[in-house]
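Colleague: First the structure, then my questions, so here it is.
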Amino acid sequence: MKVMATWNHGVAANERALQVIKQGGSAMDAVVEGCMVTELDERQRSVGLSGWPDSDGRVSLDAAVMSDDSRAGSVACVRGVANPVQLARRVMDHTPHVMLVGEGAERFAQQQGMLVRDRALDHEQRARLDAWLQQAIRTPLVNVENHDTISMIALDASGRMAVASTTSGLAFKIPGRVGDSPIIGAGLFVERGVGAAVCTGLGEVVQRTMGAYAMVESMRQGLSPQAACEAFIRRLHVQIPESAECQVGVLAMDYGGRAGALSVQSGFTYAVGTAEDNTLHESAFTQDIKQDSPRNRS
Ligand code: SD4
């Protein structure tokens, strides 16, 4: 059994996921329950209803799940749903579809008996939005303070894998903006017998390079999880040289429980949990790869 999760809050999410697996739950149960811990943590500003709002002052959430039998569920731009990752799982389990968005996803949540509530912004959300609105140039860029999306990988006791991701996305984004986290193949991907990968960071560059799928594909061709992370970040710098200025963090794992992690900038933390322990790590980052990027070559 092994679980991995992005950022510092990954430790608490892993804790729950490990407990679920120890009690006989599946990898899918583990990633959903683990992500829900972060979604319900009011201190989180990039996950759940306490996340930073869009530029209209409304919090909209994206989430997805995928299991290694190639089933997947996803929701995007949903409002008022406390646990979008659970809603994504319901899409997978109870509809013939993969992805529901906006109003349709909220209506489905209500039909599923999930609470959909309008939550007023708290003081900090309001204050940060007001400060942002007063800036002369309002570019909704991911920066170090709002990298908080949780993405998880689990390998359960019976050797099955699942992945999940949940986020409030970019702080002060244009209303309707959707990042990589609910896009199967971009923010998360798993293939039976091969492995799994997840991403965090600036969704736009991950969407344009199909990050998670690219890493799993590299593992399918024989690369270790760490080498797959390196191959992806290298490719990211070649395909999108300006990605060197943003943060993207990636995690990968294979069925042997070998783990990989890498980020574009320093400061990407992730948690790794096993039956024995659950510890926080900081990934290597890609100074050498950046120096090698097309922008620095001419
Ligand atoms: C997004 N990938 O919406 C998310 C944001 C994120 O750490 O992961 N932040 O683009």
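We did not get these values from a lab; they are worked out from the coordinates using the rules stated. None of the values given here were measured: they were computed from a predicted structure. Using ideal geometry, Cβ is built from the backbone for each residue, glycine included, and neighbour counts are taken over all protein chains shown.
Colleague: In whole Å, what is the distance between the alpha-carbon centres of region 247-264 and region 30-77?
Modeller: Result: 20 Å between the Cα centres.
Colleague: Along the positive direction of the dipole of the chain (beta-carbon charges: Lys, Arg +1; Asp, Glu -1; about the Cα centre), which of H9, V248, M99 reaches farthest?
Modeller: Positive-most Cα among the choices belongs to M99.
Colleague: What order do you get for Y270, Y213 when you list them from fewest to most C-beta neighbours inside 10 Å?
Modeller: In order of increasing Cβ crowding within 10 Å: Y213, Y270.
Colleague: While we're on this one: Under a GNM of the chain (C-alpha, springs under 10 Å), which listed residue has the highest mean-square fluctuation: A164, A76, A244?
Modeller: A244
Colleague: If you don't mind, another one. Give me the dipole magnitude in Debye, nearest 20, for the chain about the Cα centre, with unit charges on the beta carbon: positive for Lys and Arg, negative for Asp and Glu.
Modeller: Roughly 420 debye for the chain.
Colleague: Using alpha carbons only, what's the Rg to Rh ratio of the chain with Rh from Kirkwood?
Modeller: Value, to two decimals: 0.96.
Colleague: Now for a separate question. Among G113, M152, A82, pick out the residue whose Cα is farthest towards the positive end of the charge dipole of region 2-288, where Lys and Arg carry +1 and Asp and Glu carry -1 on C-beta, about the Cα centre.
Modeller: My answer, from the dipole projection, is G113.
Colleague: To the nearest 500 deg cm²/dmol, what mean residue ellipticity at 222 nm is calculated for the chain from DSSP H runs of n ≥ 4 alone, each contributing -39,500 (n - 2.57), summed and divided by the residues?
Modeller: Computed mean residue ellipticity for the chain: -9500 deg cm²/dmol.
Colleague: Evaluate the relative contact order of the chain (contact order divided by residue number), counting alpha-carbon pairs under 8 angstrom at least 6 apart; express in whole percent.
Modeller: 21
Colleague: If you restrict to DSSP beta bridges whose two residues both lie in region 2-288, what percentage is antiparallel, to the nearest 5?
Modeller: 90
Colleague: Would you please put 110-121, 39-50 in order of how densely packed they are, using the mean number of other Cβ atoms within 10 angstrom per residue and starting with the highest?
Modeller: 39-50, 110-121
Colleague: While we're on this one: Using Cβ contacts closer than 10 Å as the measure, can you line up D69, D54 from fewest to most?
Modeller: Result, fewest neighbours first: D69, D54.
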